[in-house]
Amino acid sequence: MSGPVSPGDSPPEGAAVVPAPPVLELTPSHATVVGGVQVRRALPRRSRRTVGAWCFADHLGPTSATDVDPLDIGPHPHTGLATVTWLLSGRLLHTDSLGTEQLVEPGQLNLMTAGLGVSHAEEQVRGTGGPLHGLQLWVAQPDATRSGPPAFEHHTGLPEEELPGVVTTALLGGGSPARADTALVGLDLALHGGPAALPLERAHEHALVVLDGALAVDGQRVEPGRLAYLGTGREELVVDADGPARAVLLGGEPFEAPVLMWWNFVGRTREELSAAYEAWEADDGVERFGRVPSDLPRVPAPAPTWYRGHG
Ligand code: MN
């Protein structure tokens, strides 16, 4: 594979972000492999690049007992985005160029902000914690912070709210202590089965990723392997779960600008992404992206498609 985001997921350039009216748009996720683990990529897709500032959503696993390859991703760089790791089961070890070494367990929010440049490695901790099952999300940074310094946060004990039919956990926004550079929400939904209603911010666009079980939205069935884009203009989301189910609600104010994504980089122009690529390839990228204390092999960057034909 050429890297986390390929042109098949999202062309590097495209139409401007246009907030949609209240809709229900079901988009199949793209099945791919990251490290050695099956993922279902709900964002970006050609037809839907961002939901608020959310620009990447990989549903990891669940792995099975017969899976032998772990999710091990060696040191690789990021720019212009924050990575969010949220596990339902299993364990990951996060190491980064800020010197962080952090075990990620279910119910804990791992948030790394790249700014101009950071690098990290992710390793599946085997033997304990059960199958690996969770989400990795990226949040595009606004112009105000995307050239700033990198940062890392890890949160346990996120705010939970018990509503009829559902327990919500605020990952980002919605009372979460985690850093958010734009107005957004990321809400874990543990649905008991049956109906549940969630208040929404009318001006925000929203989408649902179902991780386990199935539920109905506007009379349509939503299951794992799909992104249910809900548009803007909704004050409430009513879901009806078939039985116990788990989903994540993503939302936010429509993003300030169209984003360009290449490999592990988020920017606004090809020149910016080319500069990030060249920095990672030159001198091991240490000057811009730092050094990760990991024994895993460093991941080389693929050349951007627009380099083709230039030797
Ligand atoms: Mn990464």
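The values are calculated or read from the model by the stated rules, or taken from the named source; none is laboratory data. This one's a predicted model, so the numbers in the text were calculated from it and none came from an experiment. Ideal geometry is used to build each Cβ from the backbone, glycine not excepted, and the neighbour counts take in all protein chains shown. With ligands, DNA and RNA removed, areas are computed over all heavy atoms of the protein, side chains included. Shrake-Rupley method; radii C 1.70, N 1.55, O 1.52, S 1.80 Å.
If only residues of the range 258-293 that are in contact (Cβ under 8 Å) with a residue 40 or more places away in the chain and over 17 Å from ALA114 (Cβ atoms) are counted, the one that is nearest to the ligand (Cβ to nearest atom) is PRO293. Restricted to the range 180-207, and to residues there that are surrounded by 15 or more Cβ atoms within 10 Å (Cβ to Cβ) and among the charged types (D, E, K, R), the residue that is farthest from LEU227 (Cα to Cα) is ASP181.
Have a look at GLY285, GLY213 and point out the one that is modelled with pLDDT under 95 and either closer than 18 Å to ALA42 by Cα or surrounded by 19 or more Cβ atoms within 10 Å (Cβ to Cβ) (or both). Show your work before the answer.
Details: GLY213 fails: modelled with pLDDT under 95.
Within the list GLY285, GLY213, the selection yields GLY285.
Here is a yes/no grid of residues against (1) open to solvent by 10 Å² or more (accessible area, probe 1.4 Å); (2) among the aromatic types (Phe, Trp, Tyr); (3) closer than 20 Å to TRP54 by Cβ; (4) at pLDDT below 95:
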| site | (1), (2), (3), (4) |
| --- | --- |
| ARG221 | yes, no, no, no |
| LEU249 | no, no, yes, no |
| GLU253 | yes, no, yes, no |
| PRO300 | yes, no, no, yes |
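Look at ALA228 and say whether it is touching a Lys or Arg at 6+ places or on another chain (Cβ under 9 Å) and either open to solvent by less than 40 Å² (accessible area, probe 1.4 Å) or part of a helix (DSSP H, G or I) (or both). Judged against the criteria, ALA228 is not a match.
Which strands (runs of 3 or more DSSP E) does the range 63-143 wholly contain that include 3 or more residues that are buried (at least 20 other Cβ atoms within 10 Å of the Cβ), within 16 Å of the ligand (Cβ to nearest atom) and aliphatic (A, V, I, L, M)? Qualifying strands (runs of 3 or more DSSP E): 81-89, 109-113, 133-140. Cβ-Cβ contacts under 7 Å between residues 6 or more apart (or on different chains), taken from a first residue in the range 52-80 that is over 26 Å from ALA275 (Cα atoms) and of a type in the set (Ser, Thr, Tyr) to a second residue that is outside any strand (DSSP E or B) and open to solvent by 30 Å² or more (accessible area, probe 1.4 Å), are listed as THR63/PRO131; SER64/PRO131.
Considering each of LEU250, LEU237 in turn, give the residue that is among the hydrophobic types (A, V, I, L, M, F, W, C) and within 22 Å of LEU109 (Cα to Cα). Walk me through how you get there before you give the answer.
Numbers: LEU237 fails: within 22 Å of LEU109 (Cα to Cα).
After ruling out the rest, the residue left standing is LEU250.
Scanning the range 1-48 for residues that are modelled with pLDDT of 90 or more, part of a loop (DSSP other than H, G, I, E, B) and away from the ligand (no atom under 16 Å from the Cβ) gives VAL23, LEU24, SER29. Residues satisfying the criterion are absent from the range 49-61 (criterion: outside any loop (DSSP other than H, G, I, E, B) and open to solvent by 30 Å² or more (accessible area, probe 1.4 Å)).
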